[in-house]
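The values are calculated or read from the model by the stated rules, or taken from the named source; none is laboratory data. Just so you know, these numbers come straight off a predicted model, no measurement behind them. For neighbour counting, all protein chains shown are included, and Cβ atoms are generated from backbone atoms with ideal geometry for every residue, glycine included.
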Amino acid sequence: MTDEAPADSPVRLESTSQEFNSHGVNEHRHELAERLIRRLDVRDHNSIFEMISGKAYFGGILIAILSLFYWIFISSAEDSAETGVSILGTISFPDVAIAVMVLGLLSALFRDYSRELGHLLPSLVSGTMIIVCGFYVIEPLVYGFISDELEAQTALWRSARLAVLWGGVTYCAHFLVDAFLLYWLKQFCANNDIDISPVGEIPEQEVHVPSEV
């Protein structure tokens, strides 16, 4: 396998190390680097630093927002924890919210990890976690509209908050995974003396037009 990216890639990997071209890292890691460059739309080597900072920045913002959301609307809210206890684990509503955040975050992390590395088991685990999260989100609605344990308005408000937490941690996980993968790409290129250059910057050969006699 050569060190040049496919023709449809916006960039190419240029290695200045002869060791990489002949031996070096294995082909799988090089293919992963090229796939990350295409998917994340890395323009050149210098843009990686800005992209890592941006992804981690927005990931941190989402973590803070979700933490405040849980503290204000769930932990400090006037919502009886003794009613509507989940049948899955027999846990109260605040604990269900924590479970949704943890399982939702891990599910998104495993799914992205499996997508990039092509592993089967993380996707299976991710799918199981999604079903559990969906059950926790829908369960209050069942209590509110089928049983008399919760009022319909309370049940709807609980499910809405759980859905916000689930969607938030899933979105946050994508930023965190992308930041980690970009950091890995930066270290990979640095350790193997690889430069990421736009394909359009390939030097053009001079064309000599013969003069008329």
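For the residues F135, F188, F180, the requirement of being surrounded by fewer than 19 Cβ atoms within 10 Å (Cβ to Cβ), in contact with a strand residue (DSSP E or B) (Cβ under 9 Å, 6 or more places away or on another chain) and part of a helix (DSSP H, G or I) singles out F188. Just one of (1) more than 30 Å from S53 (Cα to Cα); (2) assigned to a helix (DSSP H, G or I); (3) of a type in the set (G, A, S); (4) at pLDDT below 90 fails for S147. It is (2). Only a single criterion out of (1) of a type in the set (A, V, I, L, M); (2) part of a helix (DSSP H, G or I); (3) without any contact (Cβ under 8 Å) to a residue 24 or more places away in the chain is not satisfied by A77, namely (2).
The residues of the range 150-161 include none that are in a helix (DSSP H, G or I) and touching a Lys or Arg at 6+ places or on another chain (Cβ under 8 Å). The test for being over 25 Å from I130 (Cα atoms), small (G, A, S) and either surrounded by 12 or more Cβ atoms within 10 Å (Cβ to Cβ) or more than 15 Å from the chain's Cα centre (by Cα) (or both) does not hold for S67. Condition check for Q153 on (1) exposed (fewer than 15 other Cβ atoms within 10 Å of the Cβ); (2) among the polar types (S, T, N, Q); (3) under 16 Å from L105 (Cβ atoms): one failure, at (3).
When L117 is tested against (1) under 21 Å from the mean Cα position of the chain (by Cα); (2) surrounded by 12 or more Cβ atoms within 10 Å (Cβ to Cβ), exactly one condition is not met: (2).
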